[in-house]
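**Student:** Dropping the structure in here first, questions after.
The values are calculated or read from the model by the stated rules, or taken from the named source; none is laboratory data. Computed from a predicted model, the values in this text were never measured in an experiment. Glycine also receives a Cβ, built like all others from the backbone with ideal geometry; neighbour counts cover every protein chain displayed. With ligands, DNA and RNA removed, areas are computed over all heavy atoms of the protein, side chains included. Shrake-Rupley method; radii C 1.70, N 1.55, O 1.52, S 1.80 Å.
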Amino acid sequence: EKGGWPSFMDKEIHEDPEAVANTLLGRFDAKGDIVLDEVRIEPEVLRSIDRIVVVACGTASYAGLVARYAIEHWVRIPVEVELAHEFRYRDPILTPRTLVVAISQSGETMDTLMAIRHAREQGSRVLAICNTQGASIPRESDAVLYTHAGPEIAVASTKAFVAQIVAAYLLGLYFAQIKGTMFRDEIHHIVQQLRSMPEKIQWVLDTQADTVNRTATHMVNARSFLFLGRHVGYPVALEGALKLKEIAYTFTEGFAAGELKHGPIALVDAGEPVVVIVPSSRGRSTLHNKVVSGIEEVKARGAYTIVVAEEGDPDAERYADAVFWRPVCSTLLSPLVDVVPLQLFAMDMAMLKGYDVDKPRNLAKSVTVE
Ligand code: F6R
(Lines give C-alpha, C1' and ligand atoms only; values in the text may rest on other atoms or scores of the structure.)
Protein backbone atom coordinates (compact mmCIF):
# COMPACT_ATOMS: atom_id res chain seq x y z
CA GLU A 1 0.00 0.00 0.00
CA LYS A 2 2.87 2.33 0.76
CA GLY A 3 4.10 1.64 -2.77
CA GLY A 4 7.72 1.23 -1.68
CA TRP A 5 7.83 4.31 0.55
CA PRO A 6 9.12 3.84 4.13
CA SER A 7 6.00 5.51 5.51
CA PHE A 8 2.64 6.85 4.42
CA MET A 9 3.79 10.29 5.46
CA ASP A 10 6.76 10.10 3.09
CA LYS A 11 4.52 8.89 0.28
CA GLU A 12 1.92 11.57 0.95
CA ILE A 13 4.43 14.43 1.07
CA HIS A 14 5.63 13.23 -2.33
CA GLU A 15 2.03 13.42 -3.49
CA ASP A 16 1.82 17.16 -2.75
CA PRO A 17 2.31 18.06 -6.45
CA GLU A 18 -0.42 15.65 -7.53
CA ALA A 19 -2.79 16.87 -4.81
CA VAL A 20 -2.46 20.42 -6.15
CA ALA A 21 -2.82 19.36 -9.80
CA ASN A 22 -5.84 17.14 -9.15
CA THR A 23 -7.61 19.78 -7.09
CA LEU A 24 -7.33 22.15 -10.06
CA LEU A 25 -8.56 19.56 -12.53
CA GLY A 26 -11.95 20.07 -14.15
CA ARG A 27 -12.58 23.44 -12.52
CA PHE A 28 -12.41 25.54 -15.72
CA ASP A 29 -14.45 25.91 -18.89
CA ALA A 30 -13.04 26.13 -22.40
CA LYS A 31 -12.52 29.89 -22.03
CA GLY A 32 -10.51 29.39 -18.85
CA ASP A 33 -13.20 30.76 -16.53
CA ILE A 34 -13.74 29.02 -13.21
CA VAL A 35 -16.71 26.68 -12.97
CA LEU A 36 -17.47 25.17 -9.61
CA ASP A 37 -20.37 22.91 -10.46
CA GLU A 38 -20.46 21.35 -7.02
CA VAL A 39 -21.06 24.74 -5.41
CA ARG A 40 -24.80 24.61 -5.72
CA ILE A 41 -25.46 28.05 -4.29
CA GLU A 42 -27.10 30.39 -6.81
CA PRO A 43 -24.80 33.15 -8.13
CA GLU A 44 -27.23 35.82 -6.83
CA VAL A 45 -26.84 34.44 -3.33
CA LEU A 46 -23.06 34.29 -3.68
CA ARG A 47 -23.02 37.87 -4.95
CA SER A 48 -24.84 38.96 -1.80
CA ILE A 49 -22.25 37.42 0.53
CA ASP A 50 -20.51 40.18 2.45
CA ARG A 51 -18.39 38.19 4.88
CA ILE A 52 -16.72 34.79 5.03
CA VAL A 53 -16.08 32.91 8.26
CA VAL A 54 -13.79 29.91 8.01
CA VAL A 55 -14.22 27.28 10.70
CA ALA A 56 -11.70 24.47 11.05
CA CYS A 57 -9.24 22.83 13.43
CA GLY A 58 -5.49 22.31 13.39
CA THR A 59 -3.81 22.16 9.99
CA ALA A 60 -7.09 22.86 8.20
CA SER A 61 -7.41 26.13 10.14
CA TYR A 62 -3.94 27.15 8.93
CA ALA A 63 -5.05 26.57 5.33
CA GLY A 64 -7.91 28.96 6.16
CA LEU A 65 -5.47 31.55 7.53
CA VAL A 66 -3.42 31.36 4.33
CA ALA A 67 -6.56 31.78 2.21
CA ARG A 68 -7.64 34.83 4.18
CA TYR A 69 -4.74 36.89 2.76
CA ALA A 70 -5.66 35.94 -0.79
CA ILE A 71 -9.45 36.18 -0.57
CA GLU A 72 -9.50 39.55 1.18
CA HIS A 73 -7.07 40.88 -1.41
CA TRP A 74 -9.01 39.51 -4.38
CA VAL A 75 -12.62 39.84 -3.28
CA ARG A 76 -12.45 42.76 -0.83
CA ILE A 77 -14.76 41.18 1.72
CA PRO A 78 -13.72 40.40 5.29
CA VAL A 79 -12.59 36.84 5.98
CA GLU A 80 -12.38 35.61 9.54
CA VAL A 81 -10.82 32.32 10.51
CA GLU A 82 -11.91 30.70 13.70
CA LEU A 83 -11.11 27.44 15.44
CA ALA A 84 -14.35 25.49 15.23
CA HIS A 85 -14.42 24.65 18.93
CA GLU A 86 -14.04 28.31 19.92
CA PHE A 87 -16.58 29.51 17.36
CA ARG A 88 -19.25 27.24 18.63
CA TYR A 89 -19.12 28.20 22.26
CA ARG A 90 -19.50 31.90 21.87
CA ASP A 91 -22.39 33.65 20.25
CA PRO A 92 -20.96 34.38 16.78
CA ILE A 93 -22.60 37.03 14.62
CA LEU A 94 -24.00 35.24 11.59
CA THR A 95 -26.44 36.49 8.99
CA PRO A 96 -27.83 35.09 5.73
CA ARG A 97 -25.13 37.14 4.00
CA THR A 98 -22.35 35.34 5.87
CA LEU A 99 -20.80 32.35 4.14
CA VAL A 100 -19.34 29.86 6.58
CA VAL A 101 -16.57 27.79 5.01
CA ALA A 102 -15.75 24.58 6.88
CA ILE A 103 -12.37 23.12 5.98
CA SER A 104 -11.80 19.48 6.91
CA GLN A 105 -9.73 16.68 5.43
CA SER A 106 -11.73 13.89 7.04
CA GLY A 107 -15.09 15.62 7.01
CA GLU A 108 -15.76 13.95 10.36
CA THR A 109 -14.17 16.35 12.86
CA MET A 110 -16.85 16.72 15.52
CA ASP A 111 -15.88 20.27 16.51
CA THR A 112 -16.19 21.44 12.91
CA LEU A 113 -19.44 19.54 12.40
CA MET A 114 -20.95 21.19 15.48
CA ALA A 115 -19.82 24.60 14.25
CA ILE A 116 -21.58 24.21 10.90
CA ARG A 117 -24.76 22.96 12.55
CA HIS A 118 -24.74 26.08 14.67
CA ALA A 119 -24.13 28.30 11.61
CA ARG A 120 -27.02 26.77 9.67
CA GLU A 121 -29.34 27.20 12.62
CA GLN A 122 -28.49 30.91 12.47
CA GLY A 123 -29.45 31.07 8.79
CA SER A 124 -25.96 31.20 7.26
CA ARG A 125 -24.97 29.16 4.23
CA VAL A 126 -22.24 26.61 4.74
CA LEU A 127 -19.72 25.50 2.15
CA ALA A 128 -17.43 22.59 2.97
CA ILE A 129 -13.90 22.16 1.62
CA CYS A 130 -13.38 18.48 2.21
CA ASN A 131 -11.19 15.60 1.04
CA THR A 132 -13.53 12.73 1.85
CA GLN A 133 -16.49 12.09 -0.44
CA GLY A 134 -19.81 11.82 1.34
CA ALA A 135 -18.46 12.48 4.86
CA SER A 136 -20.66 14.09 7.53
CA ILE A 137 -19.45 17.68 7.06
CA PRO A 138 -20.12 17.86 3.29
CA ARG A 139 -23.40 16.01 3.81
CA GLU A 140 -24.59 18.64 6.26
CA SER A 141 -23.39 21.60 4.19
CA ASP A 142 -25.24 23.62 1.53
CA ALA A 143 -22.37 23.19 -0.90
CA VAL A 144 -19.08 21.37 -1.15
CA LEU A 145 -15.80 21.88 -2.91
CA TYR A 146 -13.83 18.67 -2.79
CA THR A 147 -10.07 18.62 -2.55
CA HIS A 148 -8.66 15.79 -4.65
CA ALA A 149 -5.62 14.90 -2.57
CA GLY A 150 -6.56 11.21 -2.47
CA PRO A 151 -6.89 9.27 0.80
CA GLU A 152 -4.58 10.58 3.51
CA ILE A 153 -3.48 7.78 5.83
CA ALA A 154 -0.67 9.28 7.94
CA VAL A 155 -2.08 11.05 10.97
CA ALA A 156 -0.13 14.23 10.28
CA SER A 157 -1.82 16.10 7.46
CA THR A 158 0.42 17.00 4.51
CA LYS A 159 -0.97 16.72 0.98
CA ALA A 160 -4.45 17.63 2.24
CA PHE A 161 -3.09 20.98 3.44
CA VAL A 162 -1.80 22.08 0.02
CA ALA A 163 -5.02 20.87 -1.59
CA GLN A 164 -7.08 22.86 0.93
CA ILE A 165 -5.20 26.03 0.06
CA VAL A 166 -5.81 25.43 -3.66
CA ALA A 167 -9.54 24.79 -3.12
CA ALA A 168 -9.92 27.91 -0.96
CA TYR A 169 -8.04 29.95 -3.60
CA LEU A 170 -10.34 28.62 -6.32
CA LEU A 171 -13.30 29.68 -4.20
CA GLY A 172 -11.78 33.15 -3.76
CA LEU A 173 -11.13 33.53 -7.49
CA TYR A 174 -14.65 32.31 -8.23
CA PHE A 175 -16.03 34.99 -5.94
CA ALA A 176 -13.85 37.59 -7.66
CA GLN A 177 -15.20 36.37 -11.00
CA ILE A 178 -18.88 36.58 -10.05
CA LYS A 179 -18.58 39.74 -7.99
CA GLY A 180 -16.39 41.37 -10.66
CA THR A 181 -13.73 42.48 -8.20
CA MET A 182 -10.92 41.47 -10.56
CA PHE A 183 -10.36 41.62 -14.31
CA ARG A 184 -10.75 38.33 -16.14
CA ASP A 185 -7.13 38.55 -17.29
CA GLU A 186 -5.91 38.92 -13.74
CA ILE A 187 -7.85 35.83 -12.69
CA HIS A 188 -6.51 33.87 -15.66
CA HIS A 189 -3.00 34.96 -14.81
CA ILE A 190 -3.30 33.66 -11.23
CA VAL A 191 -4.82 30.42 -12.51
CA GLN A 192 -1.80 30.02 -14.80
CA GLN A 193 0.47 30.50 -11.80
CA LEU A 194 -1.53 27.95 -9.80
CA ARG A 195 -1.12 25.46 -12.64
CA SER A 196 2.66 25.84 -12.42
CA MET A 197 2.77 25.05 -8.70
CA PRO A 198 2.97 21.22 -8.95
CA GLU A 199 6.20 21.60 -10.91
CA LYS A 200 7.62 24.01 -8.33
CA ILE A 201 6.70 21.72 -5.45
CA GLN A 202 8.36 18.86 -7.33
CA TRP A 203 11.51 20.96 -7.67
CA VAL A 204 11.58 21.40 -3.88
CA LEU A 205 11.14 17.66 -3.34
CA ASP A 206 13.87 16.84 -5.87
CA THR A 207 16.47 19.40 -4.88
CA GLN A 208 15.95 20.34 -1.21
CA ALA A 209 15.41 16.99 0.53
CA ASP A 210 19.14 16.43 1.13
CA THR A 211 19.66 19.80 2.79
CA VAL A 212 16.54 19.24 4.89
CA ASN A 213 17.81 15.83 5.97
CA ARG A 214 21.28 17.14 6.81
CA THR A 215 19.74 19.95 8.85
CA ALA A 216 17.49 17.52 10.72
CA THR A 217 20.49 15.29 11.49
CA HIS A 218 22.35 18.30 12.84
CA MET A 219 19.42 19.50 14.96
CA VAL A 220 18.07 16.18 16.17
CA ASN A 221 18.87 16.87 19.81
CA ALA A 222 17.40 20.36 19.93
CA ARG A 223 14.81 20.62 22.70
CA SER A 224 12.70 23.36 21.19
CA PHE A 225 12.18 25.27 17.96
CA LEU A 226 10.72 28.66 17.19
CA PHE A 227 9.04 29.24 13.82
CA LEU A 228 8.35 32.68 12.52
CA GLY A 229 6.79 34.18 9.43
CA ARG A 230 4.93 37.23 8.30
CA HIS A 231 1.90 37.68 6.01
CA VAL A 232 1.21 34.27 4.36
CA GLY A 233 4.45 33.03 5.93
CA TYR A 234 2.82 33.33 9.35
CA PRO A 235 0.36 30.43 8.97
CA VAL A 236 3.15 28.46 7.27
CA ALA A 237 5.22 28.97 10.43
CA LEU A 238 2.29 27.76 12.54
CA GLU A 239 1.94 24.67 10.35
CA GLY A 240 5.69 23.91 10.41
CA ALA A 241 5.61 24.17 14.21
CA LEU A 242 2.56 21.92 14.50
CA LYS A 243 4.09 19.21 12.27
CA LEU A 244 7.25 19.08 14.32
CA LYS A 245 5.52 18.93 17.72
CA GLU A 246 3.02 16.38 16.55
CA ILE A 247 5.36 13.75 15.13
CA ALA A 248 8.82 14.53 16.57
CA TYR A 249 7.46 15.47 20.03
CA THR A 250 9.61 18.57 20.11
CA PHE A 251 8.37 21.66 21.83
CA THR A 252 7.70 24.29 19.18
CA GLU A 253 6.10 27.64 18.94
CA GLY A 254 5.07 29.41 15.76
CA PHE A 255 4.41 33.12 15.78
CA ALA A 256 4.16 36.21 13.62
CA ALA A 257 7.62 37.63 12.97
CA GLY A 258 6.47 41.09 14.00
CA GLU A 259 5.73 39.76 17.49
CA LEU A 260 9.38 38.91 18.11
CA LYS A 261 10.17 42.08 20.02
CA HIS A 262 6.86 41.93 21.90
CA GLY A 263 7.93 38.87 23.84
CA PRO A 264 9.21 35.75 22.09
CA ILE A 265 12.73 37.13 21.53
CA ALA A 266 13.28 36.57 25.26
CA LEU A 267 13.37 32.85 24.47
CA VAL A 268 16.25 33.21 22.04
CA ASP A 269 19.50 32.06 23.48
CA ALA A 270 22.75 30.70 22.05
CA GLY A 271 22.03 27.69 19.85
CA GLU A 272 18.23 28.06 19.89
CA PRO A 273 16.92 26.90 16.50
CA VAL A 274 14.73 29.48 14.79
CA VAL A 275 13.00 28.64 11.51
CA VAL A 276 12.10 31.69 9.43
CA ILE A 277 9.91 31.90 6.33
CA VAL A 278 11.34 34.72 4.23
CA PRO A 279 9.09 36.37 1.62
CA SER A 280 10.33 37.02 -1.88
CA SER A 281 12.95 39.75 -2.16
CA ARG A 282 11.33 40.93 -5.40
CA GLY A 283 8.33 43.25 -5.42
CA ARG A 284 7.10 43.39 -1.85
CA SER A 285 10.50 44.24 -0.53
CA THR A 286 9.40 45.94 2.71
CA LEU A 287 7.92 42.64 3.80
CA HIS A 288 11.19 40.94 2.92
CA ASN A 289 13.32 43.50 4.72
CA LYS A 290 11.26 43.32 7.88
CA VAL A 291 11.59 39.55 8.07
CA VAL A 292 15.30 39.72 7.33
CA SER A 293 15.80 42.16 10.20
CA GLY A 294 14.05 39.62 12.44
CA ILE A 295 16.63 37.02 11.37
CA GLU A 296 19.43 39.46 12.13
CA GLU A 297 18.03 40.05 15.61
CA VAL A 298 17.82 36.38 16.55
CA LYS A 299 21.17 35.70 14.92
CA ALA A 300 22.77 38.43 17.03
CA ARG A 301 21.57 36.49 20.10
CA GLY A 302 23.21 33.31 18.91
CA ALA A 303 20.22 31.53 17.34
CA TYR A 304 20.76 28.72 14.86
CA THR A 305 18.78 30.01 11.88
CA ILE A 306 17.03 27.78 9.37
CA VAL A 307 15.54 29.84 6.60
CA VAL A 308 13.06 29.15 3.82
CA ALA A 309 13.86 31.69 1.10
CA GLU A 310 13.59 32.39 -2.59
CA GLU A 311 16.36 31.05 -4.81
CA GLY A 312 19.14 33.57 -5.04
CA ASP A 313 18.05 35.73 -2.08
CA PRO A 314 21.41 37.19 -0.93
CA ASP A 315 20.15 37.95 2.59
CA ALA A 316 19.28 34.32 3.16
CA GLU A 317 22.88 33.33 2.44
CA ARG A 318 24.15 36.05 4.71
CA TYR A 319 22.14 35.33 7.86
CA ALA A 320 21.14 31.70 7.68
CA ASP A 321 22.89 28.67 9.08
CA ALA A 322 20.79 26.51 6.77
CA VAL A 323 18.64 27.48 3.78
CA PHE A 324 15.73 25.60 2.21
CA TRP A 325 15.26 27.19 -1.20
CA ARG A 326 11.94 27.98 -2.85
CA PRO A 327 11.66 28.54 -6.60
CA VAL A 328 10.48 31.99 -7.66
CA CYS A 329 6.73 32.35 -7.27
CA SER A 330 4.21 34.99 -6.29
CA THR A 331 3.88 35.76 -2.57
CA LEU A 332 0.29 34.53 -2.29
CA LEU A 333 1.20 31.17 -3.80
CA SER A 334 4.43 30.70 -1.85
CA PRO A 335 2.81 28.73 1.05
CA LEU A 336 2.23 25.85 -1.37
CA VAL A 337 5.98 25.40 -1.73
CA ASP A 338 7.21 26.72 1.62
CA VAL A 339 5.37 24.13 3.67
CA VAL A 340 7.01 21.25 1.78
CA PRO A 341 10.52 21.42 3.34
CA LEU A 342 8.87 21.86 6.75
CA GLN A 343 6.83 18.69 6.23
CA LEU A 344 10.02 16.84 5.24
CA PHE A 345 11.91 18.34 8.18
CA ALA A 346 9.34 17.14 10.74
CA MET A 347 9.32 13.68 9.15
CA ASP A 348 13.12 13.43 9.14
CA MET A 349 13.36 14.57 12.76
CA ALA A 350 10.78 11.98 13.83
CA MET A 351 12.51 9.20 11.86
CA LEU A 352 15.90 10.10 13.31
CA LYS A 353 14.42 9.91 16.79
CA GLY A 354 12.99 6.50 15.97
CA TYR A 355 9.32 7.43 16.16
CA ASP A 356 6.46 6.06 14.08
CA VAL A 357 5.82 8.99 11.75
CA ASP A 358 2.47 7.67 10.57
CA LYS A 359 0.99 7.09 14.01
CA PRO A 360 2.14 9.66 16.52
CA ARG A 361 1.32 8.96 20.14
CA ASN A 362 -1.96 10.25 21.60
CA LEU A 363 -3.37 11.32 18.22
CA ALA A 364 -6.15 10.00 16.00
CA LYS A 365 -6.55 10.69 12.29
CA SER A 366 -9.99 12.09 12.72
CA VAL A 367 -11.20 13.56 15.95
CA THR A 368 -14.81 12.45 16.16
CA VAL A 369 -15.30 13.49 19.75
CA GLU A 370 -15.56 17.03 21.08
C1 F6R B 1 -2.33 17.99 11.91
C2 F6R B 1 -3.63 17.38 11.78
C3 F6R B 1 -4.78 17.95 12.55
C4 F6R B 1 -6.00 18.08 11.64
C5 F6R B 1 -7.23 18.51 12.43
C6 F6R B 1 -8.45 18.71 11.54
O7 F6R B 1 -1.39 17.33 11.14
O8 F6R B 1 -3.79 16.44 11.06
O9 F6R B 1 -4.46 19.18 13.12
O10 F6R B 1 -5.70 19.01 10.62
O11 F6R B 1 -7.53 17.54 13.40
O12 F6R B 1 -8.78 17.53 10.87
P13 F6R B 1 -9.75 17.53 9.64
O14 F6R B 1 -9.09 18.31 8.55
O15 F6R B 1 -9.95 16.10 9.28
O16 F6R B 1 -11.01 18.22 10.08
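**Student:** Solvent-accessible area per residue for the range 13-80 at a 1.4 Å probe radius, Å²?
**Tutor:** Details: 2720 Å² over 68 residues.
Per residue, the range 13-80 has an accessible area of 40 Å².
**Student:** Applying 1/(1 + (r/R0)^6) with R0 = 56 Å to the Cβ-Cβ distance of Lys290 and Ala30, what FRET efficiency is obtained, to the nearest 0.05? Don't skip to the end; give the middle numbers.
**Tutor:** Details: r = 43 Å, r/R0 = 0.77.
The calculated FRET efficiency here is 0.80.
**Student:** Based only on Cα atoms, what Rg/Rh ratio does the range 1-108 have, Rh being taken as Kirkwood's radius? Kindly include the intermediate steps, with their values, before the conclusion.
**Tutor:** Values: Rg = 16.9 Å, Rh = 16.4 Å.
Rg divided by Rh gives 1.03.
**Student:** Continuing with the same structure: May I ask you to give the average projected area over all directions of the convex hull of the Cα atoms of the range 180-270, in nm² rounded to one decimal? Please list the in-between numbers first.
**Tutor:** Details: hull surface 35.0 nm².
The Cα convex hull of the range 180-270, projected and averaged over all directions, gives 8.7 nm².
**Student:** Arranged from highest to lowest average of other beta-carbon atoms within 10 Å per residue, in what order do the peptides 200-210, 61-71 appear? Please report the intermediate quantities before stating the final value.
**Tutor:** Values: 200-210: 17.7, 61-71: 25.2.
With the highest mean Cβ count within 10 Å placed first, the list reads 61-71, 200-210.
**Student:** Return one whole number: the accessible area per residue of the range 111-159 in Å², for a 1.4 Å probe. Each step should come with its number before you reach the end.
**Tutor:** Values: 1600 Å² over 49 residues.
With the other protein chains kept in place, the range 111-159 gives 33 Å² per residue.
**Student:** A follow-up question, please. Kirkwood Rh, the range 83-205, all Cα pairs: how many Å? Before the final figure, lay out each step's value.
**Tutor:** On the way: mean 1/r = 0.0634 Å⁻¹.
Its Kirkwood hydrodynamic radius stands at 15.8 Å.
**Student:** Using a 7 Å offset from Cα along Cα-Cβ at Leu352, what residues in the range 239-265 end up with backbone N under 19 Å from the label point?
**Tutor:** Of the residues in the range 239-265, 240-253 have backbone N under 19 Å from the label point off Leu352.
**Student:** Let me ask something else about it. Measure of size requested: the Rg and Dmax of the chain, with Cα atoms as the atom set and Å as the unit; please supply both.
**Tutor:** When restricted to Cα atoms, the chain yields Rg and Dmax of 19.8, 58 Å.
**Student:** Using the scaling law 2.2 N^0.38 Å as the reference, what is the normalised Cα Rg of the range 289-352?
**Tutor:** Values: Rg = 12.6 Å, N = 64, 2.2 N^0.38 = 10.7 Å.
Scaled against compact globular proteins, the figure is 1.18.
**Student:** Let's see if you can work this out: charge +1 on each Lys and Arg Cβ, -1 on each Asp and Glu Cβ, no other charges. What is the dipole magnitude of the chain about its Cα centre, in debye to the nearest 20?
**Tutor:** Numbers: 38 positive and 48 negative charges, 98 e Å.
Charge dipole, the chain, about its Cα centre: 480 debye, nearest 20.
**Student:** Run the quick spin-label model on Gln122 and Tyr89: label points 7 Å from Cα toward the beta carbon, then report their separation in nm to one decimal.
**Tutor:** Here the modelled spin labels are 1.7 nm apart.
**Student:** A follow-up question, please. Which value results when the Cα radius of gyration for the range 164-204 is divided by 2.2 N^0.38 Å?
**Tutor:** On the way: Rg = 11.4 Å, N = 41, 2.2 N^0.38 = 9.0 Å.
Working it through for the range 164-204, the quotient is 1.27.
**Student:** In the structure displayed, which of Lys200/Lys365; Lys200/Lys359; Lys159/Lys261; Lys11/Lys365; Lys179/Lys290 lie more than 22 Å apart, Cα to Cα? Please report the intermediate quantities before stating the final value.
**Tutor:** On the way: Lys200/Lys365 28 Å; Lys200/Lys359 29 Å; Lys159/Lys261 34 Å; Lys11/Lys365 16 Å; Lys179/Lys290 34 Å.
Violating the 22 Å Cα-Cα cut-off are Lys200/Lys365; Lys200/Lys359; Lys159/Lys261; Lys179/Lys290.
**Student:** Rounded to the nearest 0.05, what FRET efficiency do Arg282 and Glu370 give with R0 = 56 Å and r taken as the Cβ-Cβ distance? Could you check? All intermediate terms of the calculation are to be shown ahead of the outcome.
**Tutor:** Working: r = 46 Å, r/R0 = 0.81.
Efficiency for this residue pair is about 0.75.
**Student:** Could you work out the mean projected area of the convex hull around the alpha carbons of the range 194-339, in square nanometres to one decimal? Walk me through the intermediate numbers first.
**Tutor:** On the way: hull surface 31.9 nm².
Result: a mean projected hull area of 8.0 nm².
**Student:** Let me ask something else about it. Helices from the chain with mean Kyte-Doolittle at least 0.5 and a Cα length along the axis of 27 Å or more, per DSSP H: which?
**Tutor:** Working: long enough: 159-179 (30 Å, 1.22); 197-219 (30 Å, -0.60).
Flagged H segments are 159-179.
**Student:** What is the percent carbon and sulfur in the accessible area of the chain, measuring with a 1.4 Å probe over the protein chains and ignoring ligands? Can you show the working numbers first?
**Tutor:** Values: 7360 of 14930 Å².
Summing carbon and sulfur atoms, their accessible area is 49 percent of the total for the chain.
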